[in-house]
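Participant: Below is one structure. I have some questions about it.
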Amino acid sequence: MRLNNRIAIVTGSARGIGFEIARRFAEEGAKVVLADIIEAGVESAQALHDLGHDVAFFRTDVASNDSVESLVAFTLERYGRVDILVNNAAINIPGSILEVSEEIWDKTFAVNVKSQFLLSRAVVPLMQKDGGGTIINMGSGNSYVAEPRLSAYVASKGAILMLTKQMALDFAKDNIRVNCICPGWVDTSFNDAHCDLYGGRDEVLKMIDDIHPIGRTIKPVEIANSAVFLASDESSAITGTGLIVDGGLTAR
Ligand SMILES: NC(=O)c1ccc[n+]([C@@H]2O[C@H](COP(=O)([O-])OP(=O)(O)OC[C@H]3O[C@@H](n4cnc5c(N)ncnc54)[C@H](O)[C@@H]3O)[C@@H](O)[C@H]2O)c1
């Protein structure tokens, strides 16, 4: 039990990587609030509850400060503190800067980047009061390398890596570690629109050897296991880093 009795908030956890992080955290003894904008989070939390885990779902729009403050208030009321925050929720709308609208650009930055500012701003004072904590921001291989026709998303993920490093500097003295996980291609519905750019998911999977030297996509649990490591005391000297979990994608 590497996270025994720790209290965690995981955003974007109704499905995909976020759900797998919530599941692995719960397996390691954490009590987890799953936060997501979609109602499917109710069933996701119920599935973990049925396995005997102490979890709850709170419907949250991470781009809204009111919603984020309600999430933190709910967590405090239910569990009394926050030890771990995973800023995982994001959207991915493809397009070059000539193809994305101003609305798409602003929405991408609101959901992907501003959300991490809003939630961290709400949680850091609690962690300072309680003697520390860990924050994990979800970056991407695109925090390090760009990709054609993915302008808003790539720019947002680059910003997340630097926000991570910046926050790590400010709060190291408070025993708050801030890190970023940078996944390669994880086969979730997140990539559906992106796959369409390349002729569909099957075509993308045919190219996977070129994308990932390990010859396969990354499994959500492989990202979740990295999150367990960064959330646990095993990574006690690690802050301000981007942990690349990409099957070698960015090694080229
Ligand atoms: N799948 C990949 O290949 C991949 C690669 C690199 C990085 N990532 C990152 O991993 C994270 C999770 O991706 P995923 O593949 O699990 O995607 P996903 O689409 O399966 O999950 C994202 C979740 O975020 C939620 N969400 C979206 N907008 C929200 C909002 N405003 N408020 C609250 N929740 C909101 C969605 O409802 C969804 O449940 C993202 O940060 C993504 O950028 C994914």
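The values are calculated or read from the model by the stated rules, or taken from the named source; none is laboratory data. Keep in mind that this is a model prediction, so the values were computed, not measured. Cβ placement follows ideal geometry from the backbone for every residue including glycine, while neighbour counts extend to all protein chains displayed. Keep in mind that these areas ignore ligands, DNA and RNA; they rest on the heavy atoms of the full protein, side chains included. Shrake-Rupley method; radii C 1.70, N 1.55, O 1.52, S 1.80 Å.
Participant: Where in the stretch 37-70 does the amide nitrogen come within less than 15 Å of the point 7 Å from the Cα of residue 103, taken along Cα to Cβ?
Facilitator: No residue passes the distance filter.
Participant: All other residues with a Cβ under 13 Å from the Cβ of residue 212 taken together, and with Lys, Arg as +1 and Asp, Glu as -1, what is their net charge? Before the final figure, lay out the partial values.
Facilitator: Values: positive: 206, 216, 219, 252; negative: 187, 209, 210, 222, 246.
It works out to a net charge of -1.
Participant: Between residue 173 and residue 202, take the C-beta separation as r, use R0 = 51 Å, and let me know the FRET efficiency to the nearest 0.05.
Facilitator: FRET efficiency, residue 173 to residue 202: 0.50.
Participant: Through the Karplus equation 6.51 cos²θ - 1.76 cosθ + 1.60, θ set to phi - 60°, convert the phi angles of the stretch 115-121 into ³J(HN,Hα) values in whole Hz; use x for Gly and Pro.
Facilitator: 4, 6, 5, 4, 5, 5, 4
Participant: State, to one decimal in nm, how far the label point of residue 146 lies from the label point of residue 76, with both points 7 Å from Cα in the Cβ direction.
Facilitator: Distance between label points: 4.2 nm.
Participant: If you take the beta carbon distance between residue 166 and residue 237 as r and set R0 to 25 Å, what does 1/(1 + (r/R0)^6) give as a FRET efficiency, to the nearest 0.05? Mind dumping the intermediate values first?
Facilitator: Numbers: r = 19 Å, r/R0 = 0.76.
About 0.85, to the nearest 0.05.
Participant: In Å³ and rounded to a whole number, note down the convex hull volume per residue for the Cα atoms of the chain. Show your work: numbers first, answer last.
Facilitator: Details: hull volume 30.1 nm³, N = 252.
Convex hull of Cα atoms, per residue: 120 Å³.
Participant: To the nearest 10 degrees, how steep is helix 151-171 against the longest Cα principal axis of the chain, on a 0 to 90 scale?
Facilitator: Here the helix axis deviates by roughly 30 degrees.
Participant: Right, another one. Take every Cα-Cα pair in the stretch 13-53 and report what % of them are more than 15 Å apart.
Facilitator: On the way: 222 of 820 pairs.
The answer is 27 percent, as a whole percent.
Participant: Oh, and also: What is the diffusion coefficient of the stretch 63-178 in µm²/s, taking the Kirkwood radius over Cα pairs and the Stokes-Einstein relation at 37 °C with a viscosity of 0.692 mPa s? Numbers along the way, then the final one.
Facilitator: Numbers: Rh = 14.9 Å.
D = 220 µm²/s.
Participant: Counting only heavy atoms of protein chains, what accessible area per residue, in Å², does the chain have with a probe of 1.4 Å? Could the numbers behind the result be given before it?
Facilitator: Details: 11000 Å² over 252 residues.
For the chain, the solvent-accessible area averages 44 Å² per residue.
Participant: Let me ask another. Would you compute, from DSSP H runs of 4+ residues alone, the mean residue ellipticity of the chain at 222 nm, taking -39500 (n - 2.57) per run and dividing by the full residue count, rounded to the nearest 500?
Facilitator: On the way: 10 runs with 111 residues, N = 252.
Calculated at 222 nm, the ellipticity per residue is -13500 deg cm²/dmol.
Participant: Starting from the Cα of residue 27, step 7 Å along the direction of its Cβ; do the same at residue 1; then give the gap between the two resulting points in nm.
Facilitator: Simple spin-label model gives 1.7 nm for this pair.
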